[in-house]
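Notes for the one structure printed next.
The values are calculated or read from the model by the stated rules, or taken from the named source; none is laboratory data. The structure presented is a predicted model; accordingly, all values stated were derived computationally and were not measured. Using ideal geometry, Cβ is built from the backbone for each residue, glycine included, and neighbour counts are taken over all protein chains shown. Ligands, DNA and RNA are excluded from the accessible area calculation, which covers all protein heavy atoms including side chains. Shrake-Rupley method; radii C 1.70, N 1.55, O 1.52, S 1.80 Å.
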Amino acid sequence: MIKEWQTVLIDEGLLTARQLEKAVALSRERNESLIKTLVRQGVVSEDKLLRAVARQQGIGFVSFREVQPESAAVAGLTARFVAHYRVMPVRLEANRLMLAVANPFDQAAIEDIESSQGYRVERVLACEGDILDAIRIHYGVGAETVERILADQPGQAGASQVEESHDLEHKADESSVIKLVNQLLHQAITDRATDIHFEVYRDDILLRRRIDGILYDTMVSKNMVSLYPAIISRIKLMAGLNIVERRMPQDGRARVNIGHYQYDLRVSVVPSVHGENVVIRILPTTMLFSLEQLGLSERNSHILTELIQLPHGIVFVTGPTGSGKSTTLYACLTRLNTRDHKIITIEDPVEYEIKGIMQTQVNPRIDLTFARALRSMLRHDPDIMMVGEVRDRETAEITIQTALTGHLVFSTLHTNDAASAAIRLLDMGVDPYLIASTVRAFMAQRLVRVVCEHCREWVEIGGRRCSRGRGCDQCGKTGYRGRVAISEILQLLPEIQDLILRRASARDIRRKAVELGMQTLAGDGWDKIAKGITTVDEVTRVTFDTLANTD
């Protein structure tokens, strides 16, 4: 028998009688609500379905993108309660509580609130995903677990430190710090974070995450501060660190699972005034490194492809920390990784493992430096080598000697632009002749955030047609989702070699390179602005430090 609310769905053209009949049968078979079955099957969107049901039942519908829950309402219910029933308080006036629910036919939460809290509940409907996001935003990630731990194990927050699987989707029945840490990591990975920062202060802790290169605060329960020592101990256990040592910095690694995917965690613990601060770098164990996916302009992509086919010489990738240098180098090596090439890398640290490439990690504690490792690796008959970073004269000279003896070498330098890289080598004491005769190109790059394709809109800024993101659920309300490289490639053509031999300034080298056709970082950025890939703000943000060498 078709119920009245189901008839409304047919009358409004949201689905056919046949689709409804199939969904009813499937919901009974799976023992789940009809609404969940319809949404899961993709027959109708949850938003449209719930709005139709709300109209039929004469109740409201809220979107938490448009309506912000009042703090008094949030304080009126515990995180444990809202997480258990998957409901979200919206407004509290006198004794009347407006409550957002995703299932209009489940009365358990309403009856529980009215009997235990004494509120009169006014139901409104909201999408379940919106409710869960609102719970996370307004109560904090893992807030319900914090409350359970403190309620179940008062004064014994560290008692749950035991070894167990690092499967972040493992659902422990009992409350534990293990479960809390898993929730924090799981949510960070789900939100595409590359780093998690745990910071402790006198009477508070901060959790921040880096997403698309920008640090954002993450809402957590205020009560989490009492669990902080246990949280840090759990992270140390995962990374194989000494949980007793709290005075010295420690570094470790761990591997965790989410479904069929594995992630490497690089953990760094540093003591501070009020405790230990922890930064966790999140690295997928499998990455597809492709030159095509770097986002290079057609011109720069063509130049780089030709450079990596050279039989010998050095290609330097330059830029500050976090500019994507390693990703570019890995993409180059992946393209060259064939059975007829012997490729060796010396890195600090090895971020991603690539089958078919011999990778070595430096270790200053035993004096395994870039220079020492490079000398030894030459005896392994390589065709191509990657030196993670040239930091000093010794490493620079050995790298150059490697190129002179018929090897193709990739490495990095920390400079603001391509022209400054030549000056950096000169400042290290490298002979200008050696630079001019071995270096094939300096490539400078930055990463800019990509405008979210789900909420992109076009506007006119300064007479130019540009795009921007309004902010949506897909991009976490930031207007951006993902990053892409902007770059400049300074090839050492004869005119540039002559300037280096004469120890010309970075400004002169850059001016000549532009005359010879080099596209600057800013120029590449403006091309991507015109194509709607990124924004003026992004290009300005990442290129302002290159302006010193421009006219």
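Taking 0.36 nm per residue of sequence separation and removing the Cα-Cα distance, the Arg255/Gln57 pair yields an extension gain of 66.4 nm.
If you take the Cα centroid of segment 328-357 and the Cα centroid of segment 292-309, the two points sit 17 Å apart. Ranking Glu199, Glu70 from most to least accessible surface, computed with a 1.4 Å probe over the protein chains only, gives Glu70, Glu199. For segment 308-323, 3J(HN,Hα) computed residue by residue from phi via the Karplus equation (6.51, -1.76, 1.60; θ = phi - 60°) reads 6, 8, 5, x, 7, x, 10, 10, 9, 10, 10, x, x, 4, x, 9 Hz, glycine and proline entered as x. Stretched out straight at 0.36 nm per residue, the stretch from Lys477 to Arg208 would grow longer than its current Cα-Cα span by 95.2 nm. Backbone phi angles across segment 231-240, fed through the Karplus curve with coefficients 6.51, -1.76 and 1.60 (θ = phi - 60°), yield HN-Hα couplings of 4, 5, 4, 5, 4, 4, 4, 4, 8, x Hz in residue order; Gly and Pro are listed as x. Of Phe198, Leu99, Leu14, which is farthest along the charge dipole of the chain in the positive direction, counting Lys and Arg as +1 and Asp and Glu as -1 at C-beta? Final value for the positive-end residue is Leu14. Summing Cβ point charges (Lys, Arg +1; Asp, Glu -1) relative to the Cα centre of the chain gives a dipole of roughly 420 debye. Its Cα centre serving as origin, segment 1-77 has a Cβ charge dipole (Lys and Arg +1, Asp and Glu -1) of approximately 240 debye.
Spacing of the modelled spin labels on Ala151 and His302, each 7 Å from Cα toward Cβ, amounts to 6.6 nm.
The distance between label points at Asp340 and Gln107 comes to 7.7 nm (points 7 Å beyond Cα on the Cα→Cβ vector).
Across segment 21-26, coupling constants 3J(HN,Hα) worked out from phi with the 6.51/-1.76/1.60 Karplus curve, θ = phi - 60°, read 4, 5, 5, 4, 5, 5 Hz, and Gly and Pro carry x. Entry comment: accessible area of segment 422-551 is 47 Å² per residue, from protein heavy atoms only and a probe of 1.4 Å. Taking the dipole about the Cα centre of the chain, with the C-beta of Lys and Arg at +1 and of Asp and Glu at -1, give me whichever of Ala422, Thr546, Met377 is farthest to the positive side. Farthest towards the positive pole: Ala422. The distance separating the Cα centre of segment 231-249 from that of segment 427-502 comes to 39 Å. Classify segment 18-80 from the C-alpha gyration tensor, please: rounded if a/c falls under 1.5, else prolate or oblate depending on whether a/b exceeds b/c. Prolate is the answer for segment 18-80, as a/c is 1.5 or above and a/b outweighs b/c. With the cut-off at 1.5 for a/c, could you classify segment 199-252 from its C-alpha gyration tensor as rounded, prolate or oblate? Here segment 199-252 falls in the oblate category.
For the modelled label position 7 Å from the Cα of Thr405 along Cα-to-Cβ, which residues of segment 361-387 have backbone nitrogen atoms closer than 18 Å? In segment 361-387, the label zone of Thr405 (backbone N under 18 Å from the point 7 Å along Cα→Cβ) covers 369-387. Here the contact order of the chain, divided by its residue count and restricted to Cα pairs under 8 Å and six or more residues apart, works out to 8 percent. Projected label points at Arg379 and Thr286, each 7 Å from Cα along the beta carbon direction, are separated by 3.7 nanometres. Over the chain, dividing the summed -39,500 (n - 2.57) contributions of all DSSP H runs of at least 4 residues by the number of residues returns a 222 nm mean residue ellipticity of -11000 deg cm²/dmol.
How would segment 10-52 be classified by its alpha-carbon gyration tensor: rounded, prolate or oblate, with rounded meaning a/c under 1.5 and the a/b versus b/c comparison settling the rest? Oblate. Each part gets one Cα centre, and for segment 364-384 versus segment 1-64 those centres are 65 Å apart. Counting only DSSP beta bridges whose two residues both lie in the chain, roughly 65 percent are antiparallel. Of the residues Gly142, Ser45, Gln361, the one whose Cα sits farthest towards the positive end of the charge dipole of the chain is Gln361 (charges of +1 on Lys and Arg Cβ, -1 on Asp and Glu Cβ, taken about the Cα centre).
Backbone amide hydrogens, once placed in the peptide plane, bring Thr415 within less than 5 Å of Gly319, excluding anything fewer than 5 places away on its chain. A Förster distance of 35 Å, applied to the separation of the beta-carbon atoms of Lys355 and Arg30, puts the FRET efficiency at 0.30.
Return the FRET efficiency for the residue pair Asn242, Glu495: r is the Cβ-Cβ distance, R0 is 45 Å, and the value is rounded to the nearest 0.05. Between Asn242 and Glu495 the formula returns 0.20. Put simply, when 479-485, 204-210 are sorted by average Cβ atoms within 10 angstrom per residue, most first, you get 479-485, 204-210. If you roll a 1.4 angstrom probe over the protein chains with everything in place, what fraction of the accessible area of the chain belongs to carbon and sulfur, to the nearest %? Its accessible area is 48 percent carbon and sulfur atoms.
Cross-link check: pairs Lys179/Lys222; Lys477/Lys531; Lys48/Lys222; Lys325/Lys477; Lys179/Lys236 evaluated at a Cα-Cα cut-off of 25 Å; pairs beyond the cut-off: Lys48/Lys222; Lys325/Lys477. Under 5 Å between amide hydrogens, built in the peptide plane, is the criterion, and for Cys452 it picks out Gly469, Tyr480, Arg481 among residues at least 5 positions away or on other chains.
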